[in-house]
Every structure is written in C-alpha cells, then in structure tokens.
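Undergrad: Sharing a structure here in structure tokens format.
Please treat every number below as a calculation from the coordinates, not as lab data. The structure displayed is predicted, hence computed values, not measured ones. Cβ placement follows ideal geometry from the backbone for every residue including glycine, while neighbour counts extend to all protein chains displayed.
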Amino acid sequence: MTLHADRVTWNRSGNLVVDGVSVHPVQGETIGLLGPNGSGKSSLIRLLAGFAKPTSGDVGLDGQDLSTLRRRDIARAVAVVSQHADTDVDVSVAEVVRLGRIPHRGAFGGDRTADDRAVAAALEHTGLTDKTDRLWHQLSGGERQRVQIARALAQEPRELLLDEPTNHLDTHHQLELMTLVTRLPITSIVAIHDLNLAAMFCDRVMVMRQGRLVAAGTPREVLTPELIADVYRVRAEVRGDDGLTIRFLPIDAD
Ligand SMILES: Nc1ncnc2c1ncn2[C@@H]1O[C@H](COP(=O)(O)OP(=O)(O)OP(=O)(O)O)[C@@H](O)[C@H]1O
C-alpha cells in the first residue's frame, strides 16, 4: 500500500481549502493534480507530505496514519518538491542535493558511498553534473527548480510529491522533467497547470475546484471541452487522434 488520503478536509483559517478528497495512487503511476488557482492543490500536497494534519479524514503511508510516523521515517519514503523553495545561505548545488540524504543517515553517519552514488545519479538525471560546484545564488529560476528535483531524487523516495515543478522551466526542460518523473519506478503526484503536459505524461488526473475533487480518471476521460469550460472558464478544442492535445480558444472580449 502506498501513500493515500481518505476523505481529507482541511480548515485553514476558517476556509475549507480541502474538502473531502481521497487519493489512492496505484504503485508507480503518475497522477496529475489539476485545478485553477486557489483550488487546493498545494494544500492537498502539504497534507499528503505530512506537513500539516487534516482537520478530518486520514492520510496514511503503508497502512499507518502519517501523524503517528516520525518525520525522518516519512522522508525515507516520501520526497517533496514545493513551490518557491529558497535559501539565504551560500550553498552549492552539491550541498543542496546532499540534503536529500539526511533521512538515510543513522546515528553514526551512514553509508557515505551510497550517499555519493545517490547524489551523483540525481545530478546526472537532472542534467546538473556540470553545475555541481555552482552556488545556489548563481542559478537561474529553472536551474534552481532542477536542483530541488535532484535533491528529491537523491532522497531515493518511493513516492514523489511535486508542486508545479515545471513552472520555471523552458519547453525542453519541462518535457525532460516530466519524462524523468514518469519513467521513475515510483509513485508521483504532480500539481500542474499545463493541461497539455498533464495529458501527455499523467496516467491519471484529478481535478480540484474550491477544495473539492470534481473529476478523476485518465486524461482522455477527464479533459473534455465541457470540463475545461466548467472548471477553467475557457473554451477549448480537444483532439484525441494522435495523443491528446488541447487548443484553447480566445476569451471573448465583452
Ligand atoms: N496559509 C494559509 N492560510 C489560510 N488559507 C490559505 C493559506 N494558504 C493558502 N490558503 C488558501 O487555501 C486555498 C487553496 O490554496 P492552495 O495554495 O492550496 O491552492 P492551489 O490550487 O495550489 O493554487 P495555485 O494554483 O494558485 O498554486 C486558497 O483559497 C488560498 O487562499
């Protein structure tokens, strides 16, 4: 059994930002979490990560309530790439990526060779090997995003939670990142705004609106012109002959 949520609700400062949502990923699949701004995607990811406790409902990992597990034990299984990760400290790319190894350290340090191997593999997977010694502050927004993903990969998780991982990336790196995520033999839940990327890479998508789950299924089942008009207030043409592609139509000026 993997990370899962059952009818979770989160009342955040009086707002029901997640309202009765269940998530049961199949081992190894990539789930796209979709929905307009403020629909509750990041909040749901925070609950799944164990960063916050739901007001009601359960989040579990391997059949155990997440709130009963130690942070370190959660981090051995679940890696999170949040939006807006930043630091004021002058650290190198290698040092940030190495942070991903902390949950694997025992009382006496841990296996240095395994750490080096995991960090090197994560840097290679994210195309950052030649930037290992660069300082965080000398990186572009997209490069920082990739470093955060490398840090999560170095954690060697079974579950990966990504909050808008492609938002700073150019087209090449968006496709490369989503290809990497979907090829990893781990379960990934990805909050994403780009419906075409979701259609291209996600096994299943879940659409949220005002904290509630309004649709779930394969991209082909869910991403219909009707759903897009209803949830995003945008007219779209959806073509399904050669992969699923969505073409948005201009919003009529009044
Ligand atoms: N710290 C907070 N306290 C109270 N409410 C919050 C807090 N952070 C976010 N919210 C509210 O929770 C709701 C859901 O926000 P959330 O960030 O989960 O949405 P989202 O779907 O990830 O949005 P976006 O696509 O803009 O990133 C919004 O109404 C937001 O205003």
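Undergrad: Name, by its number, the condition in (1) closer than 16 Å to Glu159 by Cα; (2) buried (at least 18 other Cβ atoms within 10 Å of the Cβ); (3) within 16 Å of the ligand (Cβ to nearest atom) that does not hold for Leu3.
TA: The failed condition is (3).
Undergrad: Within region 206-254, can you find the residues that are more than 30 Å from Asp6 (Cβ to Cβ), part of a strand (DSSP E or B) and not small (Gly, Ala, Ser)?
TA: Of everything in region 206-254, those that are more than 30 Å from Asp6 (Cβ to Cβ), part of a strand (DSSP E or B) and not small (Gly, Ala, Ser) turn out to be Glu237, Val238, Arg239, Thr245, Ile246, Arg247, Phe248.
Undergrad: Restricted to region 6-57, and to residues that are of a type in the set (A, V, I, L, M), more than 16 Å from Ala79 (Cα to Cα) and away from the ligand (no atom under 12 Å from the Cβ), which residue is surrounded by the fewest Cβ atoms within 10 Å (Cβ to Cβ)? Give the steps one after another, and end with the answer.
TA: Of the residues in region 6-57, the ones of a type in the set (A, V, I, L, M) are 8, 16-18, 21, 23, 26, 31, 33-34, 44-45, 47-49, 52.
Checking which are more than 16 Å from Ala79 (Cα to Cα) leaves us with 8, 16-18, 21, 23, 26, 33-34.
Checking which are away from the ligand (no atom under 12 Å from the Cβ) leaves us with 8, 23, 26.
Working: Val8: 23, Val23: 20, Val26: 10.
Checked region 6-57; the qualifying residue surrounded by the fewest Cβ atoms within 10 Å (Cβ to Cβ) is Val26.
Undergrad: A follow-up question, please. Determine, yes or no, whether Thr187 is closer than 19 Å to Ala49 by Cα and of a type outside the set (Gly, Ala, Ser). Give the derivation first.
TA: Values: closer than 19 Å to Ala49 by Cα: yes; of a type outside the set (Gly, Ala, Ser): yes.
So Thr187 passes the test.
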